[in-house]
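S.K.: Pasting a structure below so you can have a look.
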Amino acid sequence: MKKKIIRGLFVMVFFLTPFLLLRSFLFGVTSDINKLISPKKSIYDISAKLLDGKTVRLEQFIGKKILLVNVASNCGYTYQYEELQKLHEKYGDKVYVVGFPSNDFAFQEPGSDSDIKEFCETNYGITFTMFSKIKVIGKNKHPIYEWLSNPELNGWNKQAPTWNFCKYLIDKEGRLIRFYNSNIKPMSEEIINDINS
């Protein structure tokens with residue numbers, strides 16, 4: 001009897017573990033324990049250039065959570081700009097929404113910074129912070145995305161963006177607490193709950 005119980009537990013763990021890993025990959029769900037892990041280097045020390053050419057340090061975002069999104073103008077997920085703007089308008093007192101244009105995935109952001117700025121303002125009325133076009137994957141990725149996807153810097157996460165409109169949530173203390181794949185919409189229950197928690 002004891003052997004059957006042990007075998008049953010083994011089978012359950014064996015089959016359940018891949019499902020949980022797949023769920024985490026597909027839906028961007030991470031363990032709550034990650035909220036407790038402090039980064040080994042502060043994201044606030046990193047600088048980046050805005051669309052208007054001005055360089056800023058991320059320390060200007062201290063005091064609220066930060067949702068960082070790699071964006072593109074010609075992507076099947078480009079419609080998410082609308083929800084990102086809604087999120088900024090509705091929850092701007094709790095979270096900074098920041099966009100990082102990138103041409104890394106299927107060359108879906110070919111324009112210049114001025115082209116991107118015009119596209120965002122004309123089509124979506126974007127008023128949240130938009131940075132200059134950068135690389136978010138590969139050898140030459142920007143230091144912000146190096147931090148976001150390097151556990152030696154952020155404390156736990158190694159997941160780099162898998163496509164445009166992947167999202168990372170930083171808490172008020174500068175800790176990375178969540179990664180969301182592209183298919184998780186900005187106004188989804190998961191993101192709203194994490195912002196409000």
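The values are calculated or read from the model by the stated rules, or taken from the named source; none is laboratory data. Just so we're clear, the structure is a prediction, and the values are computed from it rather than from any experiment. Every residue, glycine as well, gets a Cβ built from its backbone with ideal geometry; the counts of neighbours run over all protein chains shown.
S.K.: Only one residue in Lys141, Lys172, Lys133, Lys167 is in contact with a strand residue (DSSP E or B) (Cβ under 8 Å, 6 or more places away or on another chain) and without any contact (Cβ under 8 Å) to a residue 40 or more places away in the chain. Which one? Steps first, please.
M.R.: Working: Lys141 fails: in contact with a strand residue (DSSP E or B) (Cβ under 8 Å, 6 or more places away or on another chain); Lys172 fails: without any contact (Cβ under 8 Å) to a residue 40 or more places away in the chain; Lys167 fails: without any contact (Cβ under 8 Å) to a residue 40 or more places away in the chain.
The match here is Lys133.
S.K.: How many of the residues making up segment 135-182 are of a type in the set (Lys, Arg) and under 9 Å from the mean Cα position of the chain (by Cα)?
M.R.: Filtering segment 135-182 down to residues of a type in the set (Lys, Arg) leaves 135, 139, 141, 158, 167, 172, 175, 178.
Within this subset, residues satisfying the condition of being under 9 Å from the mean Cα position of the chain (by Cα) are 167, 178.
Final tally of qualifying residues: 2.
S.K.: Identify all residues within segment 139-194 that are β-branched (Val, Ile, Thr) and either surrounded by fewer than 18 Cβ atoms within 10 Å (Cβ to Cβ) or over 25 Å from Asp93 (Cα atoms) (or both); write none if there are none. Spell out the reasoning first.
M.R.: In the first step, residues of segment 139-194 are kept if they are β-branched (Val, Ile, Thr); the result is 144, 162, 170, 177, 184, 191-192.
Correct list: Thr162, Ile192.
S.K.: Right, here's the next one. Which of (1) touching a Pro at 6+ places or on another chain (Cβ under 8 Å); (2) part of a loop (DSSP other than H, G, I, E, B) does Leu84 not meet, given it meets every other one?
M.R.: Going through (1) touching a Pro at 6+ places or on another chain (Cβ under 8 Å); (2) part of a loop (DSSP other than H, G, I, E, B) one by one, Leu84 breaks only (2).
S.K.: While we're looking at this one, here's another question. Are there any pairs with C-beta distances below 9 angstrom linking a residue in segment 176-187 that is in the same structural domain as Tyr81 (by TED's automatic domain parsing) to a residue that is of a type in the set (D, E, K, R) and part of a strand (DSSP E or B), with the two at least 6 apart or on different chains, and if so which?
M.R.: Hits for this filter: Ile177/Lys65; Arg178/Lys167; Phe179/Lys167; Tyr180/Lys167; Asn181/Lys167; Ser182/Lys167; Ile184/Lys167; Pro186/Lys167.
S.K.: Could you tell me whether segment 112-124 includes any residue that is assigned by TED's automatic domain parsing to the domain that holds Glu83, touching a helix residue (DSSP H, G or I) at 6+ places or on another chain (Cβ under 9 Å) and part of a loop (DSSP other than H, G, I, E, B)?
M.R.: no
S.K.: What number of residues within segment 128-143 are touching a helix residue (DSSP H, G or I) at 6+ places or on another chain (Cβ under 7 Å) and closer than 19 Å to Lys65 by Cβ?
M.R.: 2
S.K.: Of everything in segment 175-197, what is in contact with a strand residue (DSSP E or B) (Cβ under 8 Å, 6 or more places away or on another chain), closer than 24 Å to Gly76 by Cα and part of a helix (DSSP H, G or I)? Give them in sequence order.
M.R.: Listed by number, the residues that qualify are Glu190, Ile191.
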